[in-house]
């Protein structure tokens, strides 16, 4: 699935992602007024994602919310349909 600039799915198109180096992200964020601690927090989340720390799944969340959690893809599809 890919999306155009409006966030809508675009059939038969390809999008690519190129991660920004951490230092460049920090500098750009701060240049746009983001506080250093916020850029640091975001970078720690990105680093965790790169290291696969969000890939494990267990039953805890489903038990807490009383249903199976939605996938990120499902969330995006629902949001784009609105």
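Brief remarks follow.
- Filter pass, residue 73 being loosely packed, with under 11 Cβ neighbours inside 10 Å and either modelled with pLDDT under 90 or at positive phi (or both): yes
- Residue in segment 49-62 that is at pLDDT below 85, part of a loop (DSSP other than H, G, I, E, B) and touching a helix residue (DSSP H, G or I) at 6+ places or on another chain (Cβ under 7 Å) present: yes
- Options 67, 50, 26, 73: the member that is out of contact with any strand residue (DSSP E or B) (no Cβ under 7 Å at 6 or more places or on another chain) and in contact (Cβ under 8 Å) with a residue 40 or more places away in the chain: 73
- In segment 32-69, of all residues being surrounded by 11 or more Cβ atoms within 10 Å (Cβ to Cβ) and farther than 23 Å from residue 19 by Cβ, the one that is nearest to the chain's Cα centre (by Cα) corresponds to 69.
The values are calculated or read from the model by the stated rules, or taken from the named source; none is laboratory data. As the structure is a prediction and not an experimental result, all values here were calculated from the model. Cβ: placed from backbone, ideal geometry, glycine included. Neighbour counts: every protein chain shown.
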